[in-house]
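Report on the following structure.
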Amino acid sequence: MRVPDEVRADIPLTSKVVYFDNAATSLTPRHVVEAVTRYYMEYRGNVHRGVHSLSEEASRAFSEARENVADFINASSEEVIFVANTTEALNRVALGMAFHAGDIVVSTELEHHSNFLPFFRLQDRDVTLKIMEASPPGILEEEELGKIEGAHLVTCSIISNAVGTVLPVQKIGAVARKEGALFCVDAAQAAGHVPLDVEKLGCDFLAFSGHKGPMGPTGIGVLFMRKSVQDQMDPCFLGGGAVRDVSLTGYDLADAPYGFEPGTPNIAGAIGLGAAVEYIQEIGFSEIQRQEALLTRLTLDGLSEIPEVTWYGSQEMETHAGVVSFTMEGMNPHDVASILDTQGIMVRSGHHCALPIMKKLHVPGTVRASYHCYNTAQEVEQMVDVVKEIARTLAG
Ligand code: PMP
């Protein structure tokens with residue numbers, strides 16, 4: 001498959017707009033829409049609840065989707081728990097772990113609120129939260145990893161959605177393991193953009209949403225939970241489908257993943273996600289990464305020519321993902337985004353649900369262009385030209 005032409009041909013919206021808001025949600029290829037439609041039109045039934053043929057077919061497709069996702073992150077299918085999104089997955093880690101007063105949780109200043117607030121709230125249970133701070137322009141210096149000492153849980157993202165920095169997640173995981181801490185990874189901005197391997201990461205938990213990099217449907221996400229920690233985790237929710245036995249005096253929880261998935265799951269979403277990760281693997285990560293690195297370099301080079309622009313995140317290309325966050329002197333980020341919108345260019349503006357890092361950078365928000373493999377160099381040039389024009393108008 002040639003990237004980006006063939007992927008663009010598969011996503012009609014790419015010919016109508018310049019879509020640079022992939023960190024918020026990506027566009028959906030036909031392959032995914034068709035998989036979801038097939039479920040609704042041809043074999044709609046509930047899963048694991050009946051012996052009739054529609055239920056059996058739906059159950060089979062649902063299980064296949066789980067296997068696809070497991071393969072996508074190099075896990076076993078019993079370790080893949082379907083949830084609504086990254087936010088739910090991270091909340092389940094915070095709520096499901098058996099913390100004691102005085103336990104230490106370590107996170108970073110670069111996190112999205114979804115990987116900060118669920119752990120921040122643990123302080124109500126006398127858990128101590130330590131933060132590895134970021135240095136301007138939004139990077140994590142290695143000295144900060146010393147804060148992991150004595151931790152029970154370390155949680156961090158692979159890629160910052162706010163400034164595009166790639167965190168030293170491998171090193172963080174190694175220090176966490178040395179300290180005997182469990183390790184949780186927020187892969188919301190990494191999934192679908194870089195290969196994910198829970199063995200290489202050495203993580204106990206990994207969270208991502210189907211609707212971002214994987215190009216899957218909304219409302220479906222994944223919580224990888226390593227087999228060795230499953231017994232220690234509270235499932236948070238109870239109900240149908242998650243138990244082996246129930247009597248008036250007690251209940252016996254089903255093995256993972258079912259014990260962690262009470263209620264009717266998002267069947268169509270899971271099937272769509274299964275098709276989406278298959279599609280991503282077909283494109284191949286080397287192609288995806290090559291295209292996104294090209295677009296990122298072009299953007300950073302282009303923006304660097306404009307004196308009114310400041311961009312954030314790692315200054316090194318190897319640790320700058322396809323998320324470019326910038327401000328323009330004298331301009332509100334929302335106004336810049338609105339002007340870009342009038343030219344058919346969709347970017348995000350604001351604090352990106354990452355207020356701690358915005359505060360560290362002393363900005364109320366930024367303009368953020370975030371890429372996927374279907375974006376093109378010509379689109380980037382178009383955006384940079386509009387930003388140059390805004391700068392000229394400002395100067396004039
Ligand atoms: N973590 C990161 C790094 C993110 O970028 C996002 C979404 N912007 C989330 C968590 C939350 O994802 P969701 O809204 O799909 O739950």
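The values are calculated or read from the model by the stated rules, or taken from the named source; none is laboratory data. The structure presented is a predicted model; accordingly, all values stated were derived computationally and were not measured. Because the Cβ atoms are built from the backbone with ideal geometry, glycine has one as well, and the counts that use them run over all protein chains shown. Side chains included, ligands, DNA and RNA excluded: accessible areas come from the protein's heavy atoms. Shrake-Rupley method; radii C 1.70, N 1.55, O 1.52, S 1.80 Å.
Scan the range 217-266 for residues that are open to solvent by 40 Å² or more (accessible area, probe 1.4 Å) and outside any loop (DSSP other than H, G, I, E, B) and jot them down.
Once the filter is applied, which keeps residues that are open to solvent by 40 Å² or more (accessible area, probe 1.4 Å) and outside any loop (DSSP other than H, G, I, E, B), the range 217-266 yields Lys227, Ser228, Val243, Arg244, Asp245, Val246, Ser247, Tyr251, Asp252, Leu253, Tyr258.
Can you find, within the range 77-102, the residue that is farthest from Ala151 (Cα to Cα) among those that are open to solvent by less than 40 Å² (accessible area, probe 1.4 Å) and more than 15 Å from the ligand (Cβ to nearest atom)?
Selected residue: Ser77.
Quick check, is His112 open to solvent by 30 Å² or more (accessible area, probe 1.4 Å) and within 13 Å of the ligand (Cβ to nearest atom)?
yes
How many residues does the range 147-204 hold that are in contact with a Ser or Thr (Cβ under 7 Å, 6 or more places away or on another chain) and open to solvent by 20 Å² or more (accessible area, probe 1.4 Å)?
Residues flagged as in contact with a Ser or Thr (Cβ under 7 Å, 6 or more places away or on another chain) and open to solvent by 20 Å² or more (accessible area, probe 1.4 Å) within the range 147-204 amount to 1.
Here are some conditions: (1) outside the structural domain of Gly269 (by TED's automatic domain parsing); (2) in contact (Cβ under 8 Å) with a residue 24 or more places away in the chain; (3) open to solvent by 40 Å² or more (accessible area, probe 1.4 Å). Pro12 meets all but one. Which one does it not meet?
(2)
So which residues in the range 337-396 are polar (S, T, N, Q) and closer than 10 Å to Val18 by Cβ, if there are any at all?
If the condition is that a residue be polar (S, T, N, Q) and closer than 10 Å to Val18 by Cβ, then Gln343, Asn375, Thr376, Gln378, Gln382 are the ones that fit.
Output yes when any residue across the range 32-51 is basic (Lys, Arg), modelled with pLDDT under 95 and either open to solvent by 50 Å² or more (accessible area, probe 1.4 Å) or under 25 Å from the mean Cα position of the chain (by Cα) (or both), and no when none is.
Yes, the conditions are met somewhere in the range 32-51.
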